[in-house]
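Below you'll find the structure, written out as structure tokens, and then a few comments.
Rule-based calculations on the coordinates, nothing more; no lab input. This is a predicted model, so every value here is computed, not measured. Cβ sites come from the backbone with ideal geometry, for glycine too, and all protein chains shown count toward neighbours.
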């Protein structure tokens with residue numbers, strides 16, 4: 001605890017208990033990487049580096065191949081302030097149980113806000129999409145995710161997966177039936193929790209997001225030569241200023257005979273196959289894309305951006321960051337993957353999902369009583385109160401400040417069941 005002043009003893013005890021419980025409730029933040037920032041950077045946009053990719057060439061003589069590397073960065077807004085305010089009268093303040101109830105309620109909601117901010121990054125920006133025809137069954141489902149991640153070259157260490165309660169229960173049942181795994185069998189029966197399976201650390205997600213079914217029908221690519229050329233910076237034509245470029249997404253011109261593309265939709269494009277991130281060999285599976293913005297009926301913003309290093313005029317950065325086997329042709333068929341509404345079970349490499357804890361300038365010199373605690377993950381939890389003499393009531397608030405980001409959409413994704 002960093003600061004305490006003018007608090008009842010029961011309030012100090014309550015604050016310590018809530019702070020401890022708050023950290024334990026941050027399920028998603030325990031799975032994300034944490035990037036601490038200076039307090040001066042609060043409410044700023046911070047550019048965080050993406051993993052750099054390089055190209056390789058055959059032979060001893062590398063004359064002409066000593067090219068500069070394009071280093072990518074991702075903008076992260078550190079502007080989230082979540083507050084749980086309330087008030088207590090002079091009688092309620094006498095009861096430590098009332099204080100604890102208020103504190104527990106604030107803890108649950110604030111922890112939910114942090115978890116949901118990270119969850120939404122993975123759900124809506126993760127570009128790896130694994131669809132399963134039927135309901136969750138267990139090991140085979142996680143193994144399918146593993147195959148997807150392996151084929152793309154996503155780092156095998158610190159892979160995380162979060163399943164909705166309904167899906168996790170089915171998977172825990174499958175694990176419990178494996179008599180040779182006695183320790184995990186007991187855990188699966190008692191808590192419906194699977195520790196690690198098929199290279200993923202598996203967690204339950206009681207607040208998993210339901211992804212609606214796609215409505216677009218007869219969807220096709222609406223123009224030729226739609227691809228993205230990665231660049232680290234771009235000069236503003238008017239001011240001459242050079243600024244960083246976010247290369248994760250691109251605008252795509254599309255057409256549909258019915259319905260409309262919506263945020264969250266997942267799809268593939270005929271003839272556009274995914275490449276292994278490092279070897280640049282085709283996985284033999286169509287590349288999966290996500291809609292992150294519906295600009296108009298014919299224009300959508302997608303992740304990841306289409307980067308093709310195989311065309312004749314490909315730049316060095318296109319070759320290094322190539323993620324598809326070919327540029328989609330005009331009129332190529334688009335297949336929607338989220339055919340039916342389903343829980344979006346998330347999966348990601350820990351290094352791709354990031355939490356950026358921030359601070360607030362709350363000082364007792366400004367006329368209120370305040371306590372704060374910095375948790376192990378860098379988040380600072382504030383408790384502040386101020387009295388009102390007119391009715392002997394006390395206003396209080398719990399506050400946190402942070403930012404979240406998915407640094408690389410191609411290192412995260414979702415698994416959807418019931419997509420037959």
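What ranking do 315, 384 get, fewest neighbouring Cβ atoms within 10 angstrom at the top?
Working: 315 16, 384 20.
Ascending number of Cβ neighbours within 10 Å: 315, 384.
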Using packing as a proxy for protection, rank 362-368, 158-164 so that the peptide with the highest average count of other Cβ atoms within 10 Å comes first. 158-164, 362-368
What's the exposure ranking of 292, 154, going from fewest to most Cβ atoms within 10 Å? 292, 154
Ordered by packing density, taken as the mean number of other Cβ atoms within 10 Å over each peptide's residues, highest first, how do 111-118, 324-331 rank? 111-118, 324-331
Any chance you could run the full-extension gain for residue 298 through residue 390? It's 0.36 nm times the residue separation minus the Cα-Cα distance, nm to one decimal. 27.2 nm
Roughly how far apart, in whole Å, are the Cα centres of the range 147-162 and the range 271-321? 19 Å
P(r) for the range 220-337, please, calculated from all Cα pair distances in 10 Å bins and given in %. 14, 43, 32, 11, 1
Relative contact order computed over the chain (Cα-Cα under 8 Å; 6+ residues apart), in percent: 27 percent
Principal-axis tilt of helix 9-24 within the chain, Cα atoms, nearest 10 degrees: 20 degrees
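Looking at the calculated P(r) for the chain, what percent of the C-alpha pair distances fall above 40 Å?
Values: 24677 of 87990 pairs.
Percentage above 40 Å: 28.
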For the chain, the longest principal axis of the Cα atoms and the Cα long axis of helix 165-176 enclose an angle in degrees, to the nearest 10, of 80 degrees
Determine the relative contact order of the range 220-337: mean sequence separation of Cα pairs under 8 Å and six or more apart, normalised by residue count, in whole percent. 36 percent
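Can you give the helix-only mean residue ellipticity at 222 nm for the chain, where every DSSP H stretch with n ≥ 4 adds -39500 (n - 2.57) and the sum goes over all residues, rounded to the nearest 500 deg cm²/dmol? Working shown, then result.
Numbers: 6 runs with 87 residues, N = 420.
Calculated at 222 nm, the ellipticity per residue is -6500 deg cm²/dmol.
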